[in-house]
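Chemist: Here it is, the structure in full.
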Amino acid sequence: MGQSIIGLTGGIATGKSTVSDYLARQHRLPVLDADIYARQAVEPGSRGLAAIAARYGDSLLHSDGSLNRARLGDIVFNQPAEKTWLEQQIHPVVRDRFQAAMAELSAAPIVVQVIPLLFEANLTDQVSEIWVVTCPVDRQRQRLMERNGLTLEQADARIHSQMPLAEKVARADVIIDNSANLPALFRHVDEALQNVPQGRRG
């Protein structure tokens, strides 16, 4: 039996990182994170950051030359065309980083790929099953405001810029419900993991 690749996704601030951290810590699974690769795609000296500065000006950069993510977010989360342009700069880099990392994990029976924009970036072809982490939108909004220090309007702009969570749930192989507490969440994860083929283990 071949390698199982879990594509872990969901809406912004639904609990993807909590689930992936648990899979890495408790189940010792290798976890690859698209957000890390996306940050690398726009780090100082990258072609991505140069393209952003050329399009929007140096006001999008901090004094140390790094990207001002908050200012960029205010642009792209309110202008769909600009969001699309930015994703066109980042998504190819993310896909290449995944491919390189997976080449080094060819012997692992299960690999977790955390991809917030799994559907939007058309990366479903690189996973064998899709897990969607979901929670009520009011809790999602509250987490986002507390975690990122956003206003209600900024939080809603980020939530509404993504594919509706219900649509992601409809396309999921596994739904991870994060509407209760952490023990309940982890039980959902444990149960889901028991059904994942592990043909290369041992």
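Chemist: Given +1 on the Cβ of Lys and Arg, -1 on the Cβ of Asp and Glu, and no further charges, what dipole in debye does the chain carry about its Cα centre, rounded to the nearest 20?
Modeler: The dipole of the chain has a size of about 260 debye.
Chemist: Could you tell me whether the chain comes out rounded, prolate or oblate from its Cα gyration tensor? Rule is a ≥ b ≥ c as square roots of the eigenvalues, rounded for a/c under 1.5, then prolate if a/b exceeds b/c, otherwise oblate.
Modeler: It comes out oblate by the Cα gyration axes.
Chemist: If a paramagnetic tag sat 7 Å from the Cα of A50 along the Cα-Cβ line, which residues of region 78-122 would have the backbone N under 18 Å from that point?
Modeler: 86, 88-94
Chemist: What order, most packed first, do the peptides 78-89, 26-37, 129-140 have when packing is the mean number of other Cβ atoms within 10 Å of each residue?
Modeler: The most tightly packed comes first, giving 129-140, 26-37, 78-89.
Chemist: Same structure again: For the chain, what does the helix formula give at 222 nm: sum of -39500 (n - 2.57) over DSSP H segments with n ≥ 4, over the residue count, nearest 500 deg cm²/dmol?
Modeler: The helix-only estimate for the chain comes to -15000 deg cm²/dmol at 222 nm.
Chemist: T9: net charge of surrounding residues, Cβ under 12 Å, Lys/Arg +1, Asp/Glu -1, itself excluded?
Modeler: -3
Chemist: At 0.36 nm per residue, minus the direct Cα-Cα distance, what do E104 and I175 gain on full extension? Give it in nm, one decimal, please.
Modeler: Contour length minus Cα-Cα distance gives 22.7 nm.
Chemist: If you don't mind, another one. Alpha carbon centre of region 33-47 versus region 13-32: separation in Å?
Modeler: 20
Bear in mind that the values in this text are calculations on the coordinates, not laboratory data. Since this is a predicted model, take the numbers as computed values, not measurements. Positions of Cβ are backbone-derived with ideal geometry, glycine not excepted, and every protein chain shown enters the neighbour counts.
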